[in-house]
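To start, the structure under review is shown below, and the notes come after it.
The values are calculated or read from the model by the stated rules, or taken from the named source; none is laboratory data. Keep in mind that what you see is a predicted model, and the values were worked out from it rather than measured. Quick reminder, even Gly has a Cβ in these numbers, built from the backbone with ideal geometry, and neighbours come from all protein chains shown.
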């Protein structure tokens, strides 16, 4: 078992944010006899995954709907995980599309930066010489 401070240290998530996750019903600690929040080791992976999903733009209300799957990955029916309404289904599908667009943008940027580094490494004329090639780092995709 670990305290909120220890969980925060292991995940890089502030204690304040961990309390917010608890308030939103995303994280349920045990309480010690002294009233302190206590977390099991599984909370580390769960908090890291929740943080990544929130950073990807998934609203906490939708995270709450997929949380049973994230925690147990045993849900194979609506009864086990809870049914989604049409609005939630549409929002999750839209989020998947947004993630796909972000992956495409990140992939293009990775390729462009790698190419830039390759060109700069191949430059045998020394420092101060730069390629005249303009890199297309298109980040104007609406996320």
### Long-range neighbours under 6 Å by Cβ, at least six apart or interchain, first residue in contact (Cβ under 8 Å) with a residue 40 or more places away in the chain within the stretch 51-64, second assigned to a loop (DSSP other than H, G, I, E, B) and crowded, with 17+ Cβ neighbours inside 10 Å
51/13
### Message
Criterion first (surrounded by 13 or more Cβ atoms within 10 Å (Cβ to Cβ), in contact with a helix residue (DSSP H, G or I) (Cβ under 7 Å, 6 or more places away or on another chain) and not in a helix (DSSP H, G or I)) does residue 84 satisfy it?
### Response
yes
### Qualifying positions in the stretch 26-43 - within 18 Å of the chain's Cα centre (by Cα), surrounded by 11 or more Cβ atoms within 10 Å (Cβ to Cβ) and without any contact (Cβ under 8 Å) to a residue 40 or more places away in the chain
27
### Query
Can you name the helices (runs of 4 or more DSSP H) wholly within the stretch 1-65 that have at least 3 residues being out of contact with any helix residue (DSSP H, G or I) (no Cβ under 7 Å at 6 or more places or on another chain)?
15-23, 42-55
### Message
Looking at the stretch 114-133, can you tell me whether even one residue there is surrounded by 10 or more Cβ atoms within 10 Å (Cβ to Cβ), within 20 Å of the chain's Cα centre (by Cα), assigned to a helix (DSSP H, G or I) and at pLDDT 90 or above?
### Response
no
